[in-house]
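Structure record follows, encoded as structure tokens.
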Amino acid sequence: MAASLTLYCLDELSDYLEFERLCHDLLLLEGYSRIEPLGGFKDKGRDAVHRSTLNNTETIFAYSVRTDWQVKLAEDAKKIFTHGHSCDELFFLTTGDISSSKRDKWIENIQSSYGWKLEIRGREWFRLMLDTKHPNLKLQHPAIFPPEIVRFMESKREASQQKYIFISFSQECSILAKWIAQKLQILGYEIWSPQLDIPKKSSTFEDIEEIIREQACCFLGIYSESSLSDSDLAFQKSLASSISKQKRQDFLVPIVAKLDDVETVSRYTSPFEPILFENWILGWRELLKRLETTKCQTSLPKGVISTLNLSLYEDVIENQPDEIHSNCLEILRLPTSLYRFKIPDETLPELQEAGSDWAFKLSTDNTTLSFHLPPEHLKEKLGSQEPQKIILQSSNSIDDTETGKVISELLKKSILVTLLKHGLLYCEDTKLFYFPKNLVHKNKLPVTRPDGSKTHVFCHGKRKYWKPAKSEYYHYYIAPNFSVRRNLMKDFCVLITTKYRLTDCNDKPLESNIINSRRKHLCKGWWNYAWMNRTLAISQYLSNENGIITIGDDYSENIQISAQPMRFYSTTSINEAKVNKSGKSRQSMLDALDSSSDEE
């Protein structure tokens, strides 16, 4: 059987007159508007003719379903010549395979023998025309393409084209959107969301309307008050609602994050009832049920999906509120303005050494941007001119860079300068800032937990790694990593990730091929409790007695970051006793319910 059902039908056709009609229709659609069908069994080599009024040329068409199409082509050409038909171009259509060498050979033969131009098309041309450009023609020729086969091909074509779950949301719902997208990807669904950069080829500059109409099998609209007021998001959701009402009842799947928004959103989505995600677990289960009614296909077998489905954990989930601690620090205060300095050419080399004392962004034309004035010793070295003050609130971009990106970069650099001021060192080999040995008493970082209990973590230590041939020691140093994020909260926030600088006993960084095994050896058995202690230890070490990380001396210009990681509240919780009793590992449960993050 042919790999293509279209080719299979052409191979099996027995009605030659119907094939002639199919060829006539195709040629008419391809621009031969004055084609005149002839055909029959005494056509003298001509199945159709066409005279162009533009260049006054005569084209003769000959069709063949024979496997020996080369013999048929030679016979038809001879008949046309013998009967003296006017011919400038011979157009030969065959259901046979045509190689490039045979094509070139016959074009040359016809030209040298008769002086005609030869156009020749084979079975792949038919497949291309009938599957992609003119698929509706198959419905008009049931003698060649049985209706049941056409319906099957159409359903397969739609399934291959409409395969994405399109996710639309506003910035305030980005965490929920990312969580849903990643869970659906794990289950084998294909996602399209330029806001999440999924897939990588997606872009906000693409024709979103065409993607939703032609490539999406389902539209997940996460509704919120801000999404209803955003014109682009409102258009996407309106389009999805229109498609659901006109074609596919199950196309639009509305989602609401807050109970307070259900009534308002329902007026926009009626008659499609939104799924409430105030409780993410219950919302997730309802979403999976809803997706079963859509045309969305998953690449995983149902058995695998059942294994991955979060409903497996319903016996350990309780409808009791729970407090969730994060590694996210709230920015309490940001400067309202920036300083712009013009640096003379001759002092530019001094900037390379200034980065450890002063956080700045080097912009165009020897210009630097900073939240703070450079220290006095740097002012003399840099010889900068009087600074220009830029009010952030009134500027969408600064020196051709989006203001938000400038703020993010300066925030990150300001934190790194603060690390150095607090005694941390920078390792050029590992690109990590780390706590050196004896920076704090006995290498112990004190920790005060949210419940008031006190403990400590070691910021430096020595471990023995057992090997069959010979055991060896290695040293470890806590290496805090800070990143500034704009897609988690409404404004900027700071994430702490605890990393480790690993060295041999001579303080030489370990080779890359053994770092992973040593890191696993070091962190084995560390669960959320242990990682939380390290996050608290780092933030509390950098903070003052008021629990605030302060960057900058002038109050009107300083940056203030809370040393207390942000806490969130869940309407459900995990019954740890049931987890242990059922034999499910605590870590696998936390991973399954974790609201996906790029951090540890």
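Scanning for something of a type outside the set (Asp, Glu), outside the structural domain of Lys183 (by TED's automatic domain parsing) and modelled with pLDDT of 75 or more, does the range 314-322 turn up at least one residue? Yes: one or more hits. Screening Asp11 with (1) touching a residue at least 40 places away in the same chain (Cβ under 8 Å); (2) part of a loop (DSSP other than H, G, I, E, B); (3) under 53 Å from the mean Cα position of the chain (by Cα) gives one miss only, at (2). Residues in the range 497-523 that are surrounded by 11 or more Cβ atoms within 10 Å (Cβ to Cβ), among the basic types (Lys, Arg) and over 14 Å from Glu472 (Cβ atoms): Lys499, Arg501, Arg519. Those helices (runs of 4 or more DSSP H) of the range 143-257 in which at least 3 residues are surrounded by fewer than 18 Cβ atoms within 10 Å (Cβ to Cβ) and modelled with pLDDT under 85, considering only elements entirely within it, cover 147-161, 225-229, 231-246. Taking (1) at pLDDT 80 or above; (2) farther than 30 Å from Ser573 by Cβ in turn, His325 satisfies each apart from (2).
Scanning the range 499-508 for residues that are in contact with a Lys or Arg (Cβ under 8 Å, 6 or more places away or on another chain) and either at pLDDT below 95 or assigned to a loop (DSSP other than H, G, I, E, B) (or both) gives a single hit, Cys505. When Gln297 is tested against the conditions (1) of a type in the set (S, T, N, Q); (2) at pLDDT below 75; (3) under 30 Å from Phe277 (Cα atoms), the lone failure is (2). Taken as a whole, the condition of being modelled with pLDDT of 80 or more, out of contact with any strand residue (DSSP E or B) (no Cβ under 6 Å at 6 or more places or on another chain) and in the same structural domain as Leu338 (by TED's automatic domain parsing) applies to Asp400.
Could you say whether any residue in the range 424-440 is part of a helix (DSSP H, G or I), touching a residue at least 12 places away in the same chain (Cβ under 8 Å) and closer than 21 Å to Asp357 by Cβ? No: the range 424-440 contains no residue that is part of a helix (DSSP H, G or I), touching a residue at least 12 places away in the same chain (Cβ under 8 Å) and closer than 21 Å to Asp357 by Cβ. Where strands (runs of 3 or more DSSP E) fall wholly inside the range 17-130, the ranges with 2 or more residues that are touching a Ser or Thr at 6+ places or on another chain (Cβ under 6 Å) and of a type outside the set (Val, Ile, Thr) are 58-64, 89-94.
For the range 251-278, residues that are touching a residue at least 24 places away in the same chain (Cβ under 8 Å) and within 24 Å of the chain's Cα centre (by Cα) total 8.
The values are calculated or read from the model by the stated rules, or taken from the named source; none is laboratory data. Treat the numbers as computed from the prediction; the structure is a model and nothing was measured. Neighbour counts run over all protein chains shown; Cβ positions are idealised from the backbone, glycine included.
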